[in-house]
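> Below is one structure. I have some questions about it.
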Amino acid sequence: MDTLPTPAPAASAGAPPPEAPVVVRTPRGGFRSEVEAGGHRMVVDEPASVGGTGAGPTPYDFLLAGLGACTGMTLRMYADRKGWPLEEVVVKLSHGRTHAADCENCQSPQSRVDRVDREIQLTGPLDEAQRARLLQIANQCPVHRTLAAGFQVETRLAEPAG
């Protein structure tokens, strides 16, 4: 006798539905990875200079893209709500690592500080007060807040496939 799957618990009123997980597959033969996210497929890779094939952006490129997109979307939403004449937001980002200036043991991973440089270009007839406020709002985008606060990653092994 077949049993029906137990239905997922209903989302509480007003709560968004749960998001499907992002799935990344990295087969044998290099760093090229296939990503499935939100019904979209992407390729992630490393440059040939470090053993990849350069078939797609690097993992850090995607991290920066997430921050840049969230920044632009947050500024767009804020300006639209205020009725401000923001025509376009361009966000340029770069990532680097530096050794913490006050490290005692500079070979430990904790002595390295990741740094993101973010430059925001606002196009449109905004006054200086609006531009200054939008710069403040950029630091309130959810991805910026997550990265700046740090977050916990819990890792576990899944059962082997097949």
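> Tally time: how many residues in region 58-72 are open to solvent by 50 Å² or more (accessible area, probe 1.4 Å) and either more than 13 Å from the chain's Cα centre (by Cα) or among the small types (Gly, Ala, Ser) (or both)? Explain how you work it out, then say what you get.
Filtering region 58-72 for residues open to solvent by 50 Å² or more (accessible area, probe 1.4 Å) gives 59-63, 65.
Then drop every residue that is not either more than 13 Å from the chain's Cα centre (by Cα) or among the small types (Gly, Ala, Ser) (or both), which leaves 65.
Selection size over region 58-72: 1.
> Filter region 8-27 for residues that are modelled with pLDDT of 90 or more and either open to solvent by 60 Å² or more (accessible area, probe 1.4 Å) or in a loop (DSSP other than H, G, I, E, B) (or both) and give the result.
PRO21, VAL22, VAL24, ARG25, THR26, PRO27 - these are the residues of region 8-27 that are modelled with pLDDT of 90 or more and either open to solvent by 60 Å² or more (accessible area, probe 1.4 Å) or in a loop (DSSP other than H, G, I, E, B) (or both).
> Right, next: Take the residues of region 77-93 that are open to solvent by 70 Å² or more (accessible area, probe 1.4 Å), in a helix (DSSP H, G or I) and of a type outside the set (Asp, Glu): which is farthest from GLU19 (Cα to Cα)?
My answer is LYS82.
> Do we find that VAL35 is surrounded by 13 or more Cβ atoms within 10 Å (Cβ to Cβ), at pLDDT below 95 and not hydroxyl-bearing (Ser, Thr, Tyr) in this structure?
No, not satisfied.
> Please go through region 38-53 and give me each residue that is more than 24 Å from GLU19 (Cα to Cα) and exposed (fewer than 14 other Cβ atoms within 10 Å of the Cβ), ordered by number.
So the first thing to find is which residues in region 38-53 are more than 24 Å from GLU19 (Cα to Cα), and the list is 45-53.
Hits for region 38-53 are PRO47, ALA48, SER49, VAL50, GLY51.
> Looking at region 116-162, which of its residues are touching a strand residue (DSSP E or B) at 6+ places or on another chain (Cβ under 7 Å), closer than 20 Å to GLY96 by Cβ and outside any helix (DSSP H, G or I)?
VAL116, ASP117, ARG118, GLU119, ILE120
> Among (1) more than 14 Å from the chain's Cα centre (by Cα); (2) of a type in the set (Asp, Glu); (3) outside any loop (DSSP other than H, G, I, E, B), which single condition is GLU46 missing?
GLU46 satisfies every listed condition except (3).
The values are calculated or read from the model by the stated rules, or taken from the named source; none is laboratory data. Small disclaimer: the values here were computed from a predicted structure and weren't measured. With ideal geometry, Cβ positions are generated from the backbone for all residues, glycine too; neighbour counts draw on all protein chains shown. Heavy atoms of the whole protein, side chains included, go into the accessibility calculation; ligands, DNA and RNA do not. Shrake-Rupley method; radii C 1.70, N 1.55, O 1.52, S 1.80 Å.
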